[in-house]
Amino acid sequence: MERTRWGLVALLFVMGMFAAAQFGKVSLTLNEHAAVFDRSPTGVALFVSLVGLVGLFCGAAAGAIVAWLSPRTSLLIGLVLSAAVSLAQSFLPPAEVYAALRMLEGVPHLTLVVAAPPIMAMIATDCDRPVVMSIWAMFFGLSFALSALIVPTLLEWGGLPLVLRAHGIGFLVLLVLLWRQLPRTGRAALSLNIIRLHRDIYTSLPIVAPGAGFVFYTVTYIALLTYLPLALERPELFVRLPLVSLCSTLLAGYVCRSVAPDRVAVVGFLGGALASIGIGIGLPLSPDLAFFFLGLVPGASFAAIPFFNAGLADRTRSTGAIAQLGNLGTVSGTPIFAGLLAGFGLPGILLGLASFCLAGAGVLLLIGRSLVDHKR
């Protein structure tokens, strides 16, 4: 690749934000969902997590399937299915049907987030690739920030149906824009033996290395963002902390041009552990430092996919693993930290933060030592 295709990078990033909005369009409209389905907001909260459950159980398999179909074909199929499901949801069918549609929506969501990173790595130069991957790592956080600005206006104009319809139409527009621009790639063989498929992925250190650190980040990030401002009684942190982490995620890409991604992630984890001490003793800006250091981890984790894996098929499998492990962390992190907050208050949250950060750093140091002959 002589020049990075920045236009296509931008389109894929926008697509990633629409994929992330498959969570945000529900989490930001829980009250509206509760009114439509005559339930409490707690009673419709399951609609948020149904999409993520698909990634939790099928992430590794999705990586193999995307490699078999090819990332281009998989991504186009994912766009079509995403548009169809979102438009079907806009008719607000009965709760049981709506829940089934949310579960079904997890399939194209997983397809999109697994297929896009290998394409982005392929259309970038060696120099720009870490930056491109760190840009992709920002899609989830930025999507939620923008959705929080846009969704209230859509609700005023046309209620929940307009939010869902606009989401589906957006996928159709992206389908048209991406159809001819996506590069064609070869296809990998597909094993239908699920046990062997997972074994092959999770016994390959280059493939699993990016996700091995990412899971410790996802355990902490959403949970901390949910409970730390409450525990500190500082509601302004709800807005500020995600912005701090987005800046460091982008910075990680530039740092990974000259420093191995696993080492950047280790620095992020160790910094997060130290910042937990600062929060505990009341040092100013310690929460910001915690999220700054944690923000380095996703940028470095996605940069690690092409760093450790040269082939497109292995990069796709690695992306599947990072999706599966990321969903594992997201699903488990919130209840873990909720328990720590309920049982021990702020010290419990800080102990959890330090513990997971040190565990993430330790795992990456062990993997990095094992991979020393693979890359360095």
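The values are calculated or read from the model by the stated rules, or taken from the named source; none is laboratory data. Treat the numbers as computed from the prediction; the structure is a model and nothing was measured. Here the Cβ is made from the backbone with ideal geometry for all residues, glycine too, and neighbour counts use every protein chain on show. Side chains are part of the model used for accessible areas, which takes the heavy atoms of the whole protein and leaves out ligands, DNA and RNA. Shrake-Rupley method; radii C 1.70, N 1.55, O 1.52, S 1.80 Å.
At-a-glance table
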| read-out | value |
| --- | --- |
| Candidates Val173, Val215, Val208, Val219 - the one that is free of Cβ contacts under 8 Å to residues at least 60 places away in the same chain and surrounded by 13 or more Cβ atoms within 10 Å (Cβ to Cβ) | Val173 |
| Qualifying residues in the stretch 235-268 (those that are of a type in the set (Val, Ile, Thr) and in a helix (DSSP H, G or I)) - the one modelled with the lowest pLDDT | Val239 |
| Test: residue in the stretch 120-138 that is in contact with a helix residue (DSSP H, G or I) (Cβ under 6 Å, 6 or more places away or on another chain), within 28 Å of Gly253 (Cα to Cα) and surrounded by fewer than 19 Cβ atoms within 10 Å (Cβ to Cβ) | no |
| Candidates Ala342, Ala310, Ala303 - the one that is among the aliphatic types (A, V, I, L, M), over 14 Å from Arg263 (Cα atoms) and part of a helix (DSSP H, G or I) | Ala342 |
| Selection from the stretch 344-358 of residues that are free of Cβ contacts under 8 Å to residues at least 12 places away in the same chain and under 15 Å from Leu230 (Cβ atoms) | Phe344, Gly348 |
| Qualifying residue in the stretch 293-305 (condition: among the hydroxyl-bearing types (Ser, Thr, Tyr), in contact (Cβ under 8 Å) with a residue 24 or more places away in the chain and open to solvent by less than 30 Å² (accessible area, probe 1.4 Å)) | yes |
| Odd one out for Leu364 among (1) crowded, with 22+ Cβ neighbours inside 10 Å; (2) not in a helix (DSSP H, G or I) | (2) |
| Conditions (1) over 29 Å from Gly158 (Cβ atoms); (2) at pLDDT below 90; (3) under 20 Å from the mean Cα position of the chain (by Cα): number failed by Met1 | (3) |
